[in-house]
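**Student:** Take this structure, written in structure tokens, and hold onto it; I'll ask about it next.
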Amino acid sequence: MVDNLSIALTHVLMAIALWRLLHRDDLDQEVSPRKLWEQRRDADMTGRDTPRDA
Amino acid sequence: MRDIAFIAFLFAFIGLGFRRPFLFVLCFCYIDIVAPQRLSYFLINSIPISLIVFGLAIGGWLFADDKRDTRWSGRQSLLVMLLGYCWMTTMMADFPVEAQDKWSWVWKALVWAIFLPLTLRTKLRIEALALIMLLSAASIAIAGGLKTAGGGGGYGQLQLLLNENYGLYEGSTMSTVAISIIPLILWYRRHGTIFPPDWRVSLFCFALAFACMLLPIGTQARTGLVCLAVLAVLSLRAVRHRLLYIAGAGLLVAAAIPLLPQSYTQRMETIQGYKADQSASTRVAVWKWTWDYVKENPLGGGFNAYLQNHVRVEKAAGPGNAPDAEAGAYEERARAYHSGYFEMLGEQGFPGLVLWLLLHFAGLVQMERTRRRYLKTRRAEEEWIAPFATALQHGHIVYLVGSLFVGIAFQPFIYMMLALEIGLSTYCRRREREAGWRPQMQSRGFART
């Protein structure tokens, strides 16, 4: 009884974790901090160049 | 019913691996720790599921994973040397058949520890591996904790899901490992992203850490108590409010002592006088034998060389009128080392012990370096690194203390923790190299990016 409870609880949690991992892009590819910074900078620059929609 | 659930879970796990090959890696770790094939009575216990997933994991990495930024670490080279050396001693072992028996799982643990860091390229992968290791160990720890809380247990009596001394299902091994994962559990509570921090995660993590603390009581493994004391002292480095922590820990101990079973307190009292305790006296005699043996055979006797020992143990009189309290001498044969250090010394000789010690101490030093480097970072995406390095380092120290009294020099779970450490170091190096950045220090007063 206790054994089954322990197995069930941990395995359900593992199953949820795996399901969530399946949908995470950063599992296989992580954007480096510099790239992230560059992306943000580029986005800012284009944001400044083009007038924003209201 | 349980068998069907295991089969469904395992096949679903493997199935997901075909979409994300890294999940094969996690699947192998799960199989290695939980050993579902041993808990099951049909289908998966008749096919070499562990070997199949091992192949899938390595194949998945070889053919489907991005290897551009894969890095090699010095500790992996040490592991390769240890693997080669162990293979050599197995070939020249005193007991070739028995040595081959242990080699059949040791090589897998070592190869896995060499391979695993190559796959740990992203933060999420590191976290996922830590989570699967924790949850796999939790399936044993929760059952053990609940049984202990329910009044079960006793030395060699607490049944941990499986009624055999396999891997983590052995009482003393599990007590040591359970204590060594507590820092990692507490790390996950605050830094997990698969299960982001909330009250449910906190509740589970605290309950799991408590179950882990109960295990040494349930298994009555004295090592567990020593490990717990070491961890309590180590945690002083990591906690924010030290005085509060000391007061809380003192209160907890004072409250727990009256609730402990008498058999437990009696057994723990034997820590003080090993000469009156048969198990401890035998241990010391075996260690003396090992030292004498290795002086004549400096390259060790290969795996399971202890089988040839023959020791005469003199036991002092113990307190009370218990049947084993009388003084006396007795002879013992083929007694195991009951110490990771003497296990390495006796089986792999001086070179093996040196390699093994180097491997572990290099790990501790690396974690300390990583910890210091990232301790004061203010970049939100790096805040998990220093606490993670600290958690791994503390777990590692607990393991090294535990293996003073338990023969777990090749425990696969610990090699996975070692792989996590290597993975963390190479991950940080890669990040720094990629960006040419160092962690932004708080003292310099830079703004958060």
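The values are calculated or read from the model by the stated rules, or taken from the named source; none is laboratory data. Computed from a predicted model, the values in this text were never measured in an experiment. Note that each Cβ is placed from the backbone with ideal geometry, even for glycine, and that neighbours are counted across all protein chains shown.
**Student:** Out of curiosity, is B:Gly224 crowded, with 19+ Cβ neighbours inside 10 Å and modelled with pLDDT under 85?
**Tutor:** Yes.
**Student:** Can you tell me which residue in region B:1-27 is farthest from B:Arg125 (Cα to Cα), limited to those that are facing another protein chain (nearest Cβ under 8 Å) and surrounded by fewer than 15 Cβ atoms within 10 Å (Cβ to Cβ)?
**Tutor:** My answer is B:Arg2.
Rundown of residues vs (1) within 14 Å of chain A (Cβ to nearest Cβ); (2) in contact with a Leu (Cβ under 6 Å, 6 or more places away or on another chain); (3) not in a helix (DSSP H, G or I), yes/no style:
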{"position": "B:Pro196", "(1), (2), (3)": "yes, no, yes"}
{"position": "B:Cys205", "(1), (2), (3)": "yes, no, no"}
{"position": "B:Leu215", "(1), (2), (3)": "yes, no, no"}
{"position": "B:Gly218", "(1), (2), (3)": "yes, yes, no"}
{"position": "B:Leu234", "(1), (2), (3)": "no, no, no"}
{"position": "B:Leu243", "(1), (2), (3)": "no, no, no"}
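**Student:** Right, here's the next one. So in region B:105-139, with the set limited to residues that are among the β-branched types (Val, Ile, Thr) and over 23 Å from B:Ile194 (Cβ atoms), which one is nearest to the other protein chains (Cβ to nearest Cβ)?
**Tutor:** B:Ile114
**Student:** Somewhere in region A:4-17, is a residue under 14 Å from the mean Cα position of the chain (by Cα), within 28 Å of B:Leu146 (Cβ to Cβ) and modelled with pLDDT of 90 or more?
**Tutor:** Checking region A:4-17: at least one residue is under 14 Å from the mean Cα position of the chain (by Cα), within 28 Å of B:Leu146 (Cβ to Cβ) and modelled with pLDDT of 90 or more.
**Student:** Would a scan of region B:84-99 turn up a residue that is closer than 28 Å to B:Tyr427 by Cα and surrounded by 21 or more Cβ atoms within 10 Å (Cβ to Cβ)?
**Tutor:** No - not one qualifying residue is present in region B:84-99.
**Student:** Then there is this: For B:Ser50, work out the one condition from (1) under 15 Å from B:Ala109 (Cα atoms); (2) at pLDDT 90 or above; (3) crowded, with 16+ Cβ neighbours inside 10 Å it doesn't fulfil.
**Tutor:** Of everything listed in (1) under 15 Å from B:Ala109 (Cα atoms); (2) at pLDDT 90 or above; (3) crowded, with 16+ Cβ neighbours inside 10 Å, B:Ser50 misses just condition (2).
**Student:** Give just the number: which of (1) within 26 Å of B:Leu225 (Cβ to Cβ); (2) surrounded by 21 or more Cβ atoms within 10 Å (Cβ to Cβ) does B:Phe388 not satisfy?
**Tutor:** (1)
**Student:** So B:Met133 passes all but one of these: (1) farther than 29 Å from A:Ala15 by Cα; (2) crowded, with 20+ Cβ neighbours inside 10 Å. Which condition number does it fail?
**Tutor:** (1)
**Student:** Of all residues in region A:16-36, count the ones that are outside any loop (DSSP other than H, G, I, E, B) and facing another protein chain (nearest Cβ under 7 Å).
**Tutor:** 9
**Student:** I've got another one for you. Please determine whether any residue of region B:217-234 is more than 25 Å from the chain's Cα centre (by Cα) and farther than 23 Å from B:Ala391 by Cα.
**Tutor:** So far as region B:217-234 goes, no, none of its residues is more than 25 Å from the chain's Cα centre (by Cα) and farther than 23 Å from B:Ala391 by Cα.
**Student:** Also: For B:Ile246, state whether it is surrounded by 12 or more Cβ atoms within 10 Å (Cβ to Cβ), of a type in the set (A, V, I, L, M), touching a helix residue (DSSP H, G or I) at 6+ places or on another chain (Cβ under 6 Å) and more than 30 Å from B:Glu331 (Cα to Cα).
**Tutor:** For B:Ile246, the condition - surrounded by 12 or more Cβ atoms within 10 Å (Cβ to Cβ), of a type in the set (A, V, I, L, M), touching a helix residue (DSSP H, G or I) at 6+ places or on another chain (Cβ under 6 Å) and more than 30 Å from B:Glu331 (Cα to Cα) - is not met.
**Student:** Additional query: Checking the condition within 14 Å of chain A (Cβ to nearest Cβ), over 30 Å from B:Gln308 (Cβ atoms) and at pLDDT 90 or above, which residue from B:Gly55, B:Gly74, B:Gly60 passes?
**Tutor:** Testing whether each residue is within 14 Å of chain A (Cβ to nearest Cβ), over 30 Å from B:Gln308 (Cβ atoms) and at pLDDT 90 or above leaves just B:Gly60.
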